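Engineer: The structure is given below, and queries will be raised subsequently.
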Ligand SMILES: [Zn+2]
């Protein structure tokens with residue numbers, strides 16, 4: 001199950017997860033690199049998944065959703081263009097099973113997607129630390145990180 005990394009801005013990535021029956025764009029902070037990448041690879045995405053509402057993760061959502069005519073998944077209406085609100089539990093998408101984890105800390109409604117041993121965790125966890133506490137408490141973040149560590 002390939003996961004592609006599309007460079008975005010100066011220091012970030014947008015992910016495309018390719019499955020047999022679809023392809024998901026994860027946290028598109030901008031649309032153009034994704035449009036270019038999809039054109040180059042003749043790939044038509046089937047959904048957008050968002051971990052949290054910050055603009056560097058959602059700035060491209062509405063343009064991509066409109067261009068491809070695809071649904072937008074996320075925690076709630078703070079995600080621009082949201083069509084499918086998801087919460088803690090299972091999510092079936094293109095015949096694939098994902099687990100949605102609520103991991104508050106960076107934002108109060110941050111979620112992560114766990115799929116076939118791949119974790120899309122937004123700004124909750126980085127290679128060398130965790131995201132800043134904009135809305136949640138340190139205790140919430142600690143609990144969220146423990147949940148990710150247990151995967
Ligand atoms: Zn963020």
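Engineer: Return yes or no: is residue 134 more than 14 Å from the chain's Cα centre (by Cα), under 24 Å from residue 8 (Cβ atoms) and within 13 Å of the ligand (Cβ to nearest atom)?
Structural biologist: yes
Engineer: If the requirement is being without any contact (Cβ under 8 Å) to a residue 60 or more places away in the chain and away from the ligand (no atom under 16 Å from the Cβ), which of these qualifies: 100, 118?
Structural biologist: Numbers: 118 fails: without any contact (Cβ under 8 Å) to a residue 60 or more places away in the chain.
Matching residue, one of 100, 118: 100.
Engineer: While we're looking at this one, here's another question. Could you list, in sequence order, all residues of the range 42-69 that are buried (at least 19 other Cβ atoms within 10 Å of the Cβ), out of contact with any helix residue (DSSP H, G or I) (no Cβ under 7 Å at 6 or more places or on another chain) and assigned to a loop (DSSP other than H, G, I, E, B)? I'd like the intermediate steps shown before the answer.
Structural biologist: Of all residues in the range 42-69, those buried (at least 19 other Cβ atoms within 10 Å of the Cβ) come to 45, 47-54, 57-58, 60-61, 64-65.
Now restrict to residues that are out of contact with any helix residue (DSSP H, G or I) (no Cβ under 7 Å at 6 or more places or on another chain): 47, 49, 52-54, 57-58, 61, 65.
52, 53, 54 - these are the residues of the range 42-69 that are buried (at least 19 other Cβ atoms within 10 Å of the Cβ), out of contact with any helix residue (DSSP H, G or I) (no Cβ under 7 Å at 6 or more places or on another chain) and assigned to a loop (DSSP other than H, G, I, E, B).
Engineer: Looking only at the range 15-32, count how many residues are in a loop (DSSP other than H, G, I, E, B) and either touching a residue at least 40 places away in the same chain (Cβ under 8 Å) or surrounded by fewer than 18 Cβ atoms within 10 Å (Cβ to Cβ) (or both). Quick ask: steps written out before the conclusion?
Structural biologist: Going through the range 15-32, the residues in a loop (DSSP other than H, G, I, E, B) turn out to be 20-21, 27-31.
Next, from what is left, pick out any that are either touching a residue at least 40 places away in the same chain (Cβ under 8 Å) or surrounded by fewer than 18 Cβ atoms within 10 Å (Cβ to Cβ) (or both): 20-21, 27.
The qualifying residues number 3.
Engineer: Within the range 75-84, does at least one residue satisfy the condition of being surrounded by 14 or more Cβ atoms within 10 Å (Cβ to Cβ), more than 16 Å from the ligand (Cβ to nearest atom) and in a loop (DSSP other than H, G, I, E, B)?
Structural biologist: Checked against the condition, which is being surrounded by 14 or more Cβ atoms within 10 Å (Cβ to Cβ), more than 16 Å from the ligand (Cβ to nearest atom) and in a loop (DSSP other than H, G, I, E, B), the range 75-84 yields at least one hit.
Engineer: State all residues of the range 103-115 that are free of Cβ contacts under 8 Å to residues at least 40 places away in the same chain and more than 17 Å from residue 151 (Cα to Cα); if no residue qualifies, say none. Outline the logic, then answer.
Structural biologist: Residues of the range 103-115 free of Cβ contacts under 8 Å to residues at least 40 places away in the same chain: 108, 114.
Residue satisfying the conditions is 108 alone.
Engineer: Do we have residue 39 as over 16 Å from residue 72 (Cβ atoms) and surrounded by fewer than 12 Cβ atoms within 10 Å (Cβ to Cβ) here? Outline the logic, then answer.
Structural biologist: Working: over 16 Å from residue 72 (Cβ atoms): yes; surrounded by fewer than 12 Cβ atoms within 10 Å (Cβ to Cβ): yes.
Yes.
Only the coordinates and a few stated rules stand behind these numbers; no lab work does. What you are looking at is a predicted structure, and each value in this text was computed from that prediction instead of being measured. Positions of Cβ are backbone-derived with ideal geometry, glycine not excepted, and every protein chain shown enters the neighbour counts.
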